[in-house]
Amino acid sequence: MIARANQNRLIHEAGAFWWAARVARALFFACCFVALFGSGGCAKKYVNRLEVTVTVQSGRKLYTGSGVQETRCYGPNPIAPNISTGGCQLEGEAIPILIGTKGYLIATMSWAKECCDPGLYPFAIRNGGNKGAPFWRRSWILERQYYPLFVRLSDPSNHLSANVLDDNELKSFYGEDTVIKEIKVERVFKPITKRRLIKILPWLHDEDARYKRFGNGNMGDRSQVENLLQSANFKWGDW
């Protein structure tokens, strides 16, 4: 009787263990399924705080502006490497550079090569940051092809005064000898720069800022590049 009882107990425990293993396995795959089609939680996440410093030369003087921005990028999903896990996310503000008495030049959070798509900006500023040097305190000079979009607001309180500047327009507004001298990017352990730009561009504080139009309002008129601007070119975050 004792032997049979022990045998029954072992069978019962074996069955319980089998069910527990099945449940654990199901939960694991459920987690990865959610991550696969959600935020990419099963994928490796890379978080960088990057201090971007813009130096402008004008009238034989150098003017600089800087800001700390954060990128969160996800690697390939280990379950299905060919399916995107969300790419890169960004938090931070555009960088204002005060050029003497001629006003602010804004280095926006978008890649000039693709004009006004802020989603491509994290890739642009990280260019050159993964070439074998130590991870911490690594810095690099941004290549010209990865420069951000530059914007000038003749009236900083009015978003409709925005002008997207190419090199010629930069010189016409700030002087013939005005050039973007360099843009330096450095990995840092500093707080993200927040709420500084609102003091310069007060309309960013409006609740409806994300719906603002910067051009003539005709979004189909791509001849006016300002129509492609959006508030996300100036700020990413909920503050």
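The values are calculated or read from the model by the stated rules, or taken from the named source; none is laboratory data. On a predicted model such as this, the values are computed, not experimentally measured, just so you know. In this analysis, Cβ positions are derived from the backbone assuming ideal geometry, glycine residues included, and neighbour counts consider all displayed protein chains.
Check off (1) at pLDDT 90 or above; (2) in a helix (DSSP H, G or I) for residue 163 and give me the number that stays unchecked. The number of the failed condition is (2). For residue 152, are the conditions met, namely being crowded, with 19+ Cβ neighbours inside 10 Å and among the charged types (D, E, K, R)? So residue 152 fits the description; yes.
Within segment 98-124, being acidic (Asp, Glu) and under 15 Å from residue 166 (Cβ atoms) holds for one residue alone: 114. Consider segment 157-181 and keep the residues that are farther than 22 Å from residue 115 by Cβ and touching a strand residue (DSSP E or B) at 6+ places or on another chain (Cβ under 7 Å). The one that is surrounded by the fewest Cβ atoms within 10 Å (Cβ to Cβ) is 177. Pairs are defined by a Cβ separation below 9 Å, a sequence spacing of at least 6 or placement on different chains, a first member in segment 198-227 that is under 15 Å from residue 116 (Cβ atoms), and a second member that is modelled with pLDDT under 70 and loosely packed, with under 13 Cβ neighbours inside 10 Å; the pairs so defined are 213/219; 224/218; 227/217; 227/218; 227/219; 227/220.
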